[in-house]
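Only the coordinates and a few stated rules stand behind these numbers; no lab work does. Note that the structure is a prediction, hence the values are computed from the model and not measured. We place every Cβ from the backbone using ideal geometry, glycine too, and count neighbours over all the protein chains shown.
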Amino acid sequence: MMAGGNGMSPTELWLRLMAVPSFNGEQMLRVAAFMTCDAVKPADIHLCPGLTAVQIAQFLKPSEKEIEDALQWLDAPNHFLLTADDAAYPPQLRAISWFPGALLVDGDPTILNDVQLAVVGSRNHSWYGEQWGRTFCEMLAAAGMTLTSGLALGIDGIAHRAALAVKGKTVAVPGSGFNHMYPKRHARLAQHIVASGGALVSEFPLATTPWPGNFPRRNRIISGLSVGTFVVEASCRSGSLITARYALEQGREVFALPGPLGNPGSEGTHALIKQGAVLVSQPEDILEYLHGELRWLHLAEKFSNNSLNEPEPPLPFPKLLANVGDEVTPVDVVAERACQPVPVTVAQLLELELAGWIAAVPGGYVRLRRASHVRRTNVFI
């Protein structure tokens with residue numbers, strides 16, 4: 001409900017913050033704290049330091065009817081507003097640098113905390129991309145992975161439908177508001193995703209139209225929700241490469257399916273492989289690579305690979321390891337990030353070094369190999 005008088009409810013506050021596209025998550029949290037603590041009216045946004053005139057105008061732009069429509073939408077079953085300070089907000093998404101401050105969710109919000117694999121690829125896919133994309137996605141979803149994609153035509157739709165075909169779970173992140181689902185021909189697919197226990201997720205206000213700039217922006221959410229990004233088929237100018245770049249910047253894995261030589265639709269995936277993406281020729285390649293993330297899945301029922309069935313020994317001091325980067329990190333910095341004494345940190349770093357996770361170098365320590373089930377959620381730079 002709308003707040004009485006001239007004040008506004010916390011929900012209205014967040015809906016207005018979502019109307020400012022230039023806000024990142026940290027800025028939204030800062031403004032929300034200021035507005036909440038001072039119990040100010042919407043017009044008093046001018047008192048919040050550091051905002052531009054454009055941001056102030058965008059905050060004030062939503063009409064009372066637009067806010068009321070959004071509140072009514074949230075009153076419907078299985079409709080949610082997740083803010084970055086909410087315990088239900090997915091931590092893997094909160095860990096990226098430009099995390100969305102708020103998300104609208106249609107469906108089951110708990111699925112956002114599942115182990116997810118982003119699947120992206122060409123809208124104008126070939127027979128090869130369709131065949132192998134469906135095969136990979138069906139087997140990955142059957143193994144228990146939640147497949148996350150953008151609801152677009154082409155490989156996105158193939159990924160969503162493949163997950164649903166084997167009674168798996170899938171998450172869709174459209175490039176528009178829920179009132180303007182795009183593409184329209186996937187409206188029924190979107191309904192099927194929600195009805196099957198999946199979710200639609202968007203950082204855009206409900207009335208946002210599918211403007212071209214929205215799609216690269218939403219790609220960071222697709223990769224940010226996921227432990228890795230699987231690129232099925234992509235040309236050198238494909239938007240899928242944007243998602244792959246986001247994944248790399250976020251410290252997530254990138255997997256690429258090689259295609260026929262000479263096929264322009266596979267030039268992008270081949271370029272990714274040359275740059276260090278993991279070449280995959282069967283679904284087991286992805287599952288095996290991400291075994292640290294998947295140890296809770298019943299893979300033995302799906303695959304006979306002994307390496308997947310053997311329990312992985314627990315990783316020593318995962319929170320400490322999460323604060324050792326690919327560049328030299330001094331011991332005192334690691335200790336400060338981990339909020340523990342230096343002597344304790346030194347002893348634990350030595351054990352991690354003996355286990356082969358890090359190496360002592362002049363000036364501190366560096367990461368030698370990635371533990372895919374470690375997230376840098378405690379890193380403050």
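For the reader, a short list of remarks on this structure follows.
- Per-residue [θ]222 nm for the chain (sum of -39500 (n - 2.57) over DSSP H runs n ≥ 4, rounded to 500): -11000 deg cm²/dmol
- Other residues within the sphere of radius under 15 Å centred on the Cβ of residue 157, judged by their own Cβ, net out at +2 (K and R +1, D and E -1).
- The range 318-367: relative contact order in percent, alpha carbon pairs under 8 Å with at least 6 residues between: 47
- Amide N proximity, the range 170-212 versus residue 86 label position 7 Å along Cα-to-Cβ, cut-off under 11 Å: 202
- Sorted by Cβ neighbour density within 10 Å, fewest at the top, the residues 155, 242: 242, 155
- Additional length obtainable on full extension of the chain from residue 271 to residue 47, 0.36 nm per residue less Cα span: 75.7 nm
- Size of electric dipole in the chain: Cβ of Lys, Arg +1 and of Asp, Glu -1, about Cα centre, debye, nearest 20: 740
- Straight-line cross-link reach from residue 65 at under 18 Å between alpha-carbon atoms covers these lysines, not counting any fewer than eight positions away in the same chain: 41.
- Simple spin-label estimate for residue 54 and residue 368 in nanometres, 7 Å along Cα-Cβ: 4.8
- The modelled label-to-label distance between residue 65 and residue 288, using points 7 Å beyond Cα along the C-beta direction, is 6.0 nm.
- Semi-axis lengths, Å, the chain, gyration tensor of Cα atoms, sqrt of 5 times eigenvalues: 35, 30, 18
- Cβ-Cβ FRET estimate between residue 36 and residue 217, R0 fixed at 41 Å, reported to 0.05: 0.95
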